[in-house]
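Participant: Sharing a structure below in structure tokens format, with a few things to ask.
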Amino acid sequence: MKIALLGLGSVGRGVAEMVDKKDLGITITAVADSKSGYMDPAGVDIPSLLARKKKTGHCGDTGITVADIIKKATYDALVEVSPTNALTGEPSTEYIRAALGRKKHVVTSNKGPVSLAGKDLRALARKKGVAFRYEATVAGAIPVMHLLEHGLSGNEILSISGVLNGTCNYILTRMADEGLTYDQALLEAREMGYAEADPTYDVQGIDAAIKLVILTNAIWDTGKKLADVERTGIDLLTADALRLAEEDGCTIRLIAESCPKTHVLRVSPRILSKNHPLVVEGTLNALTLTTDMAKEITLIGRGAGSVETASAIIGDLLYIRDQYARRA
Ligand SMILES: NC(=O)c1ccc[n+]([C@@H]2O[C@H](COP(=O)([O-])OP(=O)(O)OC[C@H]3O[C@@H](n4cnc5c(N)ncnc54)[C@H](OP(=O)(O)O)[C@@H]3O)[C@@H](O)[C@H]2O)c1
């Protein structure tokens, strides 16, 4: 399977490294970053690519654009791993549309296009007879989409709830364990590289809400938007609130929940008993799916990271390869 890689940052590098290290039957034939591009229909030499990127900051030639790659490169699937624009979804949505328009499969970790234009992109992929997959957009390495589509096929999914933001979970864990204030825990999260310089998207629950929208629409095809999510972040939580919860054998976690029957679509800090399955530590993510037949299933795993996110991307790619090989 030949892939074109749009983005060679943390996730793109993870994908390239794993493709190079493991015998997956995947060849990278094109790659682009924000300022350059590189194409080789016979397969890019990955160690040289990564060394060049590290040394010069460019993956290739500044004369080769993303548009060149999408339109001219030889590939079966576009792997779109450029930064998320949560407000417009651009330019990534246009990149994805262009690749689907060329009847190329698309796999992405980018939440913007999926949360804002997921329905259109899924429809376009269907029309063109190709796949559009986005396992990596929600809960990093946890294969929730695959489980929903396959392992739980035949089940009615009744509700989902989960910890979808590792930064918030880290802050809450440290506040509870060490009695830190919110500001102290946030500072520590920044020092550890878990929080951005501007942590708004994480701590106000926006990132978790976007992931909740993606999951909700993927499961129930409800056309929900970020504005439909009732949202409270963790930025106003006090150390006292955590302490009081601890005194009762409980703790606080930022929980994203969706249940169409009860019209719940919410991200908010919740007091949970310490042995609740969603009380996971540090930057972990967790998700409980409630279904009619299987009842509750909880998945716990890493919600981010270079190789962890590459795991989800590669899972989607190999799934597409197997599905379409069977149809051929
Ligand atoms: N990191 C994670 O653990 C994780 C987990 C789940 C999902 N995601 C999502 O995955 C995506 C990639 O994340 P990341 O952490 O790899 O980001 P990153 O480290 O910032 O890398 C982004 C890459 O995209 C390139 N890029 C920027 N603008 C571009 C454009 N217009 N066209 C093509 N390439 C462009 C950048 O180029 P330069 O190298 O030239 O700057 C860089 O190579 C994001 O949407 C993120 O939200 C990340």
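Participant: So if I restrict to the alpha-carbon atoms in the range 154-215, what is the Rg, and what is Dmax, the biggest pairwise distance, in Å?
Facilitator: That works out to 14.0, 47 Å for Rg and Dmax.
Participant: Once you compute Rg and the Kirkwood Rh from C-alpha atoms, what is the Rg to Rh ratio for the range 147-301?
Facilitator: Details: Rg = 15.6 Å, Rh = 15.9 Å.
Across the range 147-301, the Cα-based Rg/Rh ratio is 0.98.
Participant: Separate question: Starting from the Cα-Cα distance between ASP183 and GLU281, subtract it from 0.36 nm times their residue separation and give me the gain in nm to one decimal. Mind showing how you got there, number by number?
Facilitator: On the way: separation 98, 0.36 × 98 = 35.28 nm, distance 1.88 nm.
Computed gain between ASP183 and GLU281 is 33.4 nm.
Participant: Moving on to the next point. What shape does the chain have by the C-alpha gyration tensor, where a ≥ b ≥ c are the square roots of the eigenvalues, rounded means a/c under 1.5, and otherwise prolate means a/b greater than b/c and oblate the rest?
Facilitator: Working: a/c = 2.10, a/b = 1.50, b/c = 1.40.
Verdict is prolate for the chain.
Participant: For the range 1-109, what log10 I(q)/I(0) values come out of the Debye formula at q = 0.10, 0.17, 0.23 1/Å, with one point per alpha carbon and no solvent?
Facilitator: Listed by q, the Debye log ratios stand at -0.24, -0.72, -1.35.
Participant: With each pseudo-label sitting 7 Å past Cα toward Cβ, what's the THR65-LEU244 distance in nm, one decimal?
Facilitator: 5.7
Participant: Using mean Cβ contacts within 10 Å as the protection proxy, how do 96-104, 118-126, 223-231 order, highest first? Present the calculation step by step, with values, prior to reporting the outcome.
Facilitator: Numbers: 96-104: 19.8, 118-126: 16.9, 223-231: 14.9.
Final packing ranking: 96-104, 118-126, 223-231.
Participant: Sticking with this structure for a sec: Starting from the Cα of ASP23, step 7 Å along the direction of its Cβ; do the same at ILE271; then give the gap between the two resulting points in nm.
Facilitator: Result for the modelled spin labels: 5.7 nm.
Participant: Helix 306-327 against the longest principal axis of the chain: what's the angle in degrees, Cα atoms only, rounded to the nearest 10?
Facilitator: 60
Participant: Taking 8 Å as the Cα distance limit and 6 or more residues as the minimum spacing, I'd like the relative contact order of the chain as a percentage.
Facilitator: On the way: 665 pairs, mean separation 63.0, N = 328.
19 percent.
Participant: Ok, one more. Rounded to the nearest 0.05, what FRET efficiency do LYS103 and THR298 give with R0 = 35 Å and r taken as the Cβ-Cβ distance? Could you check? List each step's numbers first, then the result.
Facilitator: On the way: r = 38 Å, r/R0 = 1.10.
Efficiency, rounded to the nearest 0.05: 0.35.
Participant: Something else about it: How large is the helix-only mean residue ellipticity at 222 nm for the chain, computed as the sum of -39500 (n - 2.57) over DSSP H runs with n ≥ 4, divided by its residue count, in deg cm²/dmol to the nearest 500? Show your work: numbers first, answer last.
Facilitator: On the way: 11 runs with 131 residues, N = 328.
Value at 222 nm, helices only: -12500 deg cm²/dmol.
Participant: Cα extents of the range 81-227 along the three principal axes, largest first, in whole Å?
Facilitator: Computed over the range 81-227, the largest-to-smallest principal extents equal 54, 36, 26 Å.
Participant: While we're looking at this one, here's another question. Which of the lysines could a cross-linker span from LYS274 if the Cα-Cα distance has to be under 23 Å and same-chain partners fewer than 8 positions apart are dropped?
Facilitator: Straight-line reach from LYS274, under 23 Å: LYS295.
Participant: Quick one: length gained pulling SER10 to ASP198 fully straight, 0.36 nm per residue minus the C-alpha distance?
Facilitator: Details: separation 188, 0.36 × 188 = 67.68 nm, distance 1.86 nm.
So the chain would gain 65.8 nm between SER10 and ASP198.
Participant: In addition: Can you tell me the orientation of helix 92-101 relative to the chain, as the angle in degrees between its alpha-carbon axis and the longest Cα principal axis, to the nearest 10?
Facilitator: Compared with the principal axis, the helix lies near 50 degrees.
Participant: Now, a different point. List, in the order given, every pair from LYS35/LYS128; LYS71/LYS127; LYS2/LYS22; LYS2/LYS54 whose Cα-Cα distance in the structure shown is over 21 Å. Display every interim value, and only then the final one.
Facilitator: Working: LYS35/LYS128 30 Å; LYS71/LYS127 19 Å; LYS2/LYS22 15 Å; LYS2/LYS54 24 Å.
Beyond 21 Å: LYS35/LYS128; LYS2/LYS54.
Participant: In a solvent-free Debye calculation with one equal scatterer on each Cα, what is log10 I(q)/I(0) for the range 198-248 at q = 0.18 Å⁻¹, listed in the order of the q values?
Facilitator: -0.67
Participant: With labels modelled as points extended 7 Å from the Cα through the Cβ direction, what inter-label distance (nm, one decimal) is found for LYS72 paired with ARG326?
Facilitator: The two pseudo-label positions are separated by 3.8 nm.
Participant: Here is a follow-up. Between ASP120 and ALA86, 0.36 nm times their residue separation minus their Cα-Cα distance comes to what?
Facilitator: My answer for the length gained is 10.6 nm.
Participant: Helix 206-220 versus the longest principal axis of the chain: what angle, 0 to 90°, nearest 10, using Cα atoms?
Facilitator: 70
Participant: What aspartates and glutamates sit close enough to LYS261 to cross-link, taking a C-alpha to C-alpha distance under 19 Å and skipping anything fewer than 8 places away on the same chain?
Facilitator: GLU156, ASP221, ASP228, GLU230, ASP292, GLU296
Bear in mind that the values in this text are calculations on the coordinates, not laboratory data. Fair warning: this is a prediction, and the values are worked out from it, not measured in the lab. A quick note on method: Cβ atoms are made from the backbone with ideal geometry, for glycine too, and the neighbour counts reach across all protein chains shown.
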